[in-house]
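*Asks:* Okay, here's the structure, questions in a sec.
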Amino acid sequence: MYLITGGAGFIGSNLVHALVARGQRVRVLDNLATGRLDNLEPVRGTIEFVQGDIRSLETCQKAMQDVRFVLHQAALPSVPRSFEDPISSTAVNIHGTLNLLLAARDRRIERFVFASSSSVYGDTPTLPKVETMPTDPRSPYAVTKLTGEHLCRVFARAYGLPTVCLRYFNVYGPRQDPASTYAAVIPRFITHCLRGTAATIFGDGTQSRDFTFVEDCVAANLMACEAPIAGCEVCNIGSGSRISIAELHAIIRRITRSAASPQFESPRPGDVKHSLADITRAKALLGYTPRYGLESGLAPTVEWFRSREATSP
């Protein structure tokens with residue numbers, strides 16, 4: 001059985017659907033703070049859903065029964081949110097991860113896959129980002145993700161719990177929430193373009209990102225469960241290419257046939273200037289090769305958001 005924490009969220013729900021399609025047994029643990037049951041509606045009858053909080057060790061222990069693989073996606077995401085409420089970010093992302101690792105250790109789980117973040121690299125000018133580079137987190141959120149990696153490494157060394165930390169680079173795709181105050185850039189841009197309103201670009205638009213389609217992220221997680229790994233490994237999960245935020249908006253405008261131009265505001269605290277993943281290690285250890293380029297991933301993403309707009313009141 002697979003336990004997916006945060007399985008009602010964006011990446012988590014995509015993992016759930018992929019595993020159900022493969023005929024796997026799935027248990028979801030989610031407190032629905034940021035996740036939505038709508039994301040799981042088509043598969044609710046074939047999965048086990050546990051509404052609970054990873055800040056409770058007892059909840060984690062119960063959720064871990066009969067589990068072979070843990071895909072730990074649950075977190076309070078967003079760099080801006082972590083500046084506004086660092087206590088909650090720390091409690092969920094660090095203490096919650098510790099609880100899950102303790103429960104996984106006690107249940108002798110075969111593989112613990114942790115959703116980390118490219119934010120752990122900070123704003124160092126060196127590109128691409130390689131796993132051996134020094135880390136330099138610039139936000140409480142980035143600190144929580146790096147701490148989670150350290151905990152995974154300690155549990156692998158001290159208790160023999162095989163762990164894999166996947167440093168996600170700007171994952172996007174269907175089921176991503178555009179309504180949150182802390183919504184990621186692609187769902188915000190798509191929603192504004194579909195509605196013909198001006199999206200906000202923080203900074204001058206020359207900052208660049210490596211965007212990862214969610215299907216590639218899902219594939220990396222499943223590969224991380226099966227790869228021959230004994231200790232703790234850290235891998236970048238990205239596309240291996242980057243684009244400026246201004247160029248991204250222009251592409252989304254073209255795909256959506258929108259005439260809405262963006263508006264520009266000051267950069268936000270904790271935002272990095274450029275990001276690009278070196279995915280050599282993920283290819284070697286996991287067999288990971290991204291299948292989607294930016295436009296091939298944006299096309300189904302835009303269609304999902306378009307259908308959502310058409311059915312919203």
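*Asks:* Considering the zone a paramagnetic label at Asp204 would reach in this model (a point 7 Å from Cα along the Cα-to-Cβ line), which residues of the stretch 240-272 have amide N under 19 Å from it?
*Replies:* Flagged as within label range: 243-250, 262-272.
*Asks:* Taking N as the number of residues in the stretch 1-120, what is its Cα Rg relative to 2.2 N^0.38 Å? Write down the numbers at each step before the final one.
*Replies:* Working: Rg = 13.6 Å, N = 120, 2.2 N^0.38 = 13.6 Å.
In units of the globular-protein estimate, the stretch 1-120 measures up at 1.00.
*Asks:* Kindly state, to the nearest 0.05, the FRET efficiency for Arg308 paired with Leu57, given R0 = 30 Å and r defined as their beta-carbon distance. Mind showing how you got there, number by number?
*Replies:* Details: r = 37 Å, r/R0 = 1.23.
Efficiency for this residue pair is about 0.25.
*Asks:* The stretch 24-125: which GluC sites (Glu not before Pro) are DSSP loop and have at most 16 other beta-carbon atoms within 10 angstrom? List each step's numbers first, then the result.
*Replies:* On the way: sites: Glu48, Glu58, Glu84, Glu110; in loops: Glu110.
Those satisfying the criteria are Glu110.
*Asks:* Once the piece of chain linking Ala250 and Ala284 is laid out straight, how much longer is it, given 0.36 nm per residue of separation minus the C-alpha distance between them? The partial results should precede the final answer.
*Replies:* Values: separation 34, 0.36 × 34 = 12.24 nm, distance 3.44 nm.
Contour length minus the Cα-Cα distance gives 8.8 nm.
*Asks:* If you don't mind, there's one more thing I want to ask. Run down the lysines and flag those whose C-alpha is under 27 Å from the C-alpha of Lys283, throwing out any fewer than 8 positions away in its chain.
*Replies:* Answer for Lys283, where 27 Å is the Cα cut-off: Lys129, Lys145, Lys273, listed by chain and number.
*Asks:* Which whole number in µm²/s is D for the chain by Stokes-Einstein, with the Kirkwood Rh taken over Cα pairs at 20 °C and 1.002 mPa s?
*Replies:* Details: Rh = 19.6 Å.
Taking Rh from Cα pairs, D becomes 109 µm²/s.
*Asks:* So between Leu37 and Glu265, what do we pick up on full extension, going 0.36 nm a residue minus the alpha carbon distance? Walk me through the intermediate numbers first.
*Replies:* Values: separation 228, 0.36 × 228 = 82.08 nm, distance 3.40 nm.
Between Leu37 and Glu265, full extension yields 78.7 nm more.
*Asks:* Under the 0.36 nm per residue contour assumption, what length would be gained going from the current alpha-carbon distance of Arg108 and Arg25 to full extension? Intermediate values should be presented prior to the final figure.
*Replies:* On the way: separation 83, 0.36 × 83 = 29.88 nm, distance 1.81 nm.
Value of the extension gain: 28.1 nm.
Laboratory data are not the source of any read-out in this text; all were calculated from the coordinates shown. Just so we're clear, the structure is a prediction, and the values are computed from it rather than from any experiment. Every residue, glycine as well, gets a Cβ built from its backbone with ideal geometry; the counts of neighbours run over all protein chains shown.
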